[in-house]
Amino acid sequence: MPNLMPDPSRKAPVLTADEAAALTTLMPALTRLARILSTSPEQAEDMAQEALLQVWSRLKRGGTIDDLRPYLMTTLRNASTRAHTPHHARTVALTDQNTPSENSAIWDRLAMMDVTIAISRLPDDQAALLRPYALHGASYADLALTFDLPIGTVMSRIARARAQLRADLDLPKSRAVDALLDKTGC
C-alpha cells in the first residue's frame, strides 16, 4: 500500500525533476490504459489528464508515493469508474422538499462562499485593494495613500481583480461585481 503521508524532509511543495520525469515516462502507458477503459478518445484524454493531475497535485503537496506506476494506473481506473457512473446516480433531482425556498438565506450564503473563495484565489496585491474598495467604499486616492502606490496602479489592480472575479464567478460583463460583494458582505 502506498505511503500517502507528506514527507517532512521536503522543504517546498515543488515536484522534483525525478518525479516529473517519472510522470512523463508513464504518460504513454496511462494513455493506452485510458483508451481501453473509455468509450471515446475525448473521454480517454479527459480521464488520463484527471488521473495525472490528481497524482501531480498529491506529489506537489508533498505526499510520497512508493510505487508511482500502480498508483497512477489505479487513479486512472477510479477516474474511469466515475466517468462510467450514470449521471443520474451522481445527482439528485431537485424537488420542493430538497430545494431551499426563494426567500431562504441559503442563496446569499452560497453566493458569499463563492465570492470568498474567488477572492482568496486572487493575487494578494489585488485582494488587499479590492476588499476596502468594495466593502468600505474606499476611494482610489485613499487606497493609493494607504498602500503607498500610484493611483494608476490601484485602479489597474482593482480592475484586474474585478475582471478575474467576474470570470471566476461566471458573471456577464454587465453584472457589477461590487453589487455581489455588497450583498454578501465579503
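Testing residue 179 on (1) touching a helix residue (DSSP H, G or I) at 6+ places or on another chain (Cβ under 7 Å); (2) part of a helix (DSSP H, G or I); (3) at pLDDT below 85; (4) of a type in the set (A, V, I, L, M), one condition comes back false. Which one is that?
(1)
Could you list, ordered by first residue, the pairs with Cβ atoms under 6 Å in which the first is in the range 18-47 and closer than 10 Å to residue 80 by Cα and the second is among the charged types (D, E, K, R), at least 6 apart or interchain?
44/35
What is the residue count in the range 128-150 for residues that are part of a helix (DSSP H, G or I), exposed (fewer than 14 other Cβ atoms within 10 Å of the Cβ) and at pLDDT 85 or above? Give the steps one after another, and end with the answer.
First, pick out the residues of the range 128-150 that are part of a helix (DSSP H, G or I): 128-136, 140-147.
If we keep only those that are exposed (fewer than 14 other Cβ atoms within 10 Å of the Cβ) as well, we get 136, 141, 145-146.
Cutting the leftovers down to at pLDDT 85 or above gives us 141, 145-146.
Final tally of qualifying residues: 3.
Go over the candidates 32, 109 one by one and state the one that is part of a helix (DSSP H, G or I) and modelled with pLDDT of 85 or more.
On the way: 109 fails: modelled with pLDDT of 85 or more.
The match here is 32.
Within the range 37-75, track down each residue that is surrounded by 14 or more Cβ atoms within 10 Å (Cβ to Cβ), in contact with a strand residue (DSSP E or B) (Cβ under 9 Å, 6 or more places away or on another chain) and more than 11 Å from residue 19 (Cα to Cα).
Answer for the range 37-75, where residues must be surrounded by 14 or more Cβ atoms within 10 Å (Cβ to Cβ), in contact with a strand residue (DSSP E or B) (Cβ under 9 Å, 6 or more places away or on another chain) and more than 11 Å from residue 19 (Cα to Cα): 62, 63.
Would you confirm, using the coordinates I've provided, whether residue 91 is modelled with pLDDT under 85 and in contact with an Asp or Glu (Cβ under 6 Å, 6 or more places away or on another chain)?
Criteria not met by residue 91.
The values are calculated or read from the model by the stated rules, or taken from the named source; none is laboratory data. The structure displayed is predicted, hence computed values, not measured ones. Here the Cβ is made from the backbone with ideal geometry for all residues, glycine too, and neighbour counts use every protein chain on show.
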